[in-house]
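Rule-based calculations on the coordinates, nothing more; no lab input. This one's a predicted model, so the numbers in the text were calculated from it and none came from an experiment. A quick note on method: Cβ atoms are made from the backbone with ideal geometry, for glycine too, and the neighbour counts reach across all protein chains shown.
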Amino acid sequence: MSETLINVNNLTKIFQSRMHKQPLIAVNDVTIDIKKGHTVGLVGESGSGKSTIGRCLLRLIEIDNGEIIFEGQRLDKLKKDDFRKKMRSRMQMVFQDPYDSLNPRKKIKNIVLEPIRLAGKMNGRDPDLVAGELLEKVRLNPSLINSYRHQLTPGQQQCVGIARAIATNPDFIVLDEPTSLLDVSVRMNVLQILADLQKTLGITYLFISHDLSTVQVICHDVAVMYLGKIIETGTVNQVFNTPRHPYSKALLSSVLLPDPSKKHLSCELKGEIPSPLDMPSGCPLHTRCPSAVPECIHSKQQMQDIGEGHIVACMRVVNGEI
């Protein structure tokens, strides 16, 4: 059993809209554990709260309720200066758009060295040598250290973003849709780089994505989100091979399978996803779920283990009805 690196308990994040009096609950009472050295895939439709969780874990935004525990330490209780000094170098992020996340006025050398300098860890080392070594770790030619963002391909830009993220030897990296803007061949190369870095450096990843085929390739565990809530968690094999929650089944039924002999899931949701400003009562999926019964309208679903750590928030699944 892998040791747990991060415990997230009852995490809630609420945004106040200037246009609406009703608050927007982006993350609603989320609990999840992230094992050391593992990659956890966080999946769901756009607007489900995936990226908000990632930013909460890194304290890029502050939480409204709950707790974030990193190796036994409450991150949400640390003062901002203490978090920056003690934890920032141990927790990094790779953003979705590599072009927008890199400073166009800085050479690649200065971009990848910035986290080290901010952490005060250069210790008199040769900047060119350190930057070149970081680029080599992500399969880029060290000669690119004097290039600028616009001189690189999108794949190279994202590799620079990864090199910057690993510069301080972090324990944990949030990967927010890191391959969604890349071509398929480039995407696979980036995924392999991430997998190799995890093996050699022991990094733990939170991999945020709507691309289920990519999640299946790189992740060990999966958490499925809907309207700010996690509704199913388990290993990749559990969630992809035997999904139990109707929403998970619907997501996976939209994925094209390369093997024509493998049975294709069939589960279609009704209507559109509700607005988070007007959340349904009871189970948040009941307005779209093909398996909903009247009790679903009023009963809030609790995450329950249905065996071997496969956890689902659906009373009909737990009761063996579907």
Cα centre as origin, Lys/Arg/Asp/Glu Cβ charges: the stretch 4-318 dipole, Debye: 820
At what distance in angstrom do the alpha carbon centres of the stretch 194-244 and the stretch 122-177 lie from each other? 25
Under 10 Å, Cα contacts only: if you run a Gaussian network model on the chain, which one of 138, 255, 112 comes out with the highest mean-square fluctuation? 255
Tell me which lysines have Cα within less than 25 Å of residue 85's Cα, excluding those fewer than 8 residues away on the same chain? 13, 35, 36, 77, 106, 109, 121
Would you mind calculating the gained length between residue 71 and residue 235 on full extension (0.36 nm times residue separation, minus the Cα-Cα distance), in nm to one decimal? 56.9 nm
Quick one: angle between helix 108-118 and the longest Cα principal axis of the chain, in degrees between 0 and 90, rounded to 10, please. 80
What is the distance, in nm, between label points placed 7 Å from the Cα along the Cα-to-Cβ direction at residue 254 and at residue 118? 3.4
Can you list the lysines whose alpha carbon is less than 17 Å from that of residue 249, not counting same-chain residues fewer than 8 positions off? 229, 262, 263, 270
Karplus 3J(HN,Hα) series, Hz, for the stretch 41-52 with 6.51 cos²θ - 1.76 cosθ + 1.60 (x for Gly, Pro): x, 10, 10, x, 5, 4, x, 7, x, 4, 5, 4
Efficiency by 1/(1 + (r/R0)^6): what FRET value for residue 266 and residue 128, r their Cβ-Cβ distance, R0 = 56 Å, to the nearest 0.05? 0.50
Going by alpha carbons, how many degrees (0 to 90, nearest 10) lie between the helix axis of 154-166 and the longest principal axis of the chain? 80
Kindly identify the stretch 12-91 as rounded, prolate or oblate by the Cα gyration tensor criterion: order the square roots of the eigenvalues as a ≥ b ≥ c, call it rounded if a/c is under 1.5, otherwise compare a/b with b/c, prolate if a/b is larger, else oblate. oblate
Built amide H within the under 5 Å cut-off of residue 41, gap 5+: 207, 220, 221, 222, 223
Tensor-based shape of the chain (alpha-carbon gyration tensor, a/c under 1.5 rounded, otherwise prolate or oblate): prolate
Residues residue 99 and residue 31, FRET efficiency given R0 of 35 Å [Cβ-Cβ distance, rounded to 0.05]: 0.50
In nm, to one decimal, how far is the modelled label at residue 88 from the one at residue 242, with both set 7 Å along Cα→Cβ? 4.6
If each of residue 308 and residue 293 carries a label point 7 Å out from its Cα toward its Cβ, how far apart are those two points in nm? 2.7
Taking every DSSP beta bridge with both residues inside the chain, roughly what % is antiparallel (nearest 5)? 60
Skipping prolines and chain starts, which residues have an amide H placed within reach, meaning under 5 Å, of the one on residue 65, given they are 5 or more residues away or on another chain? 12
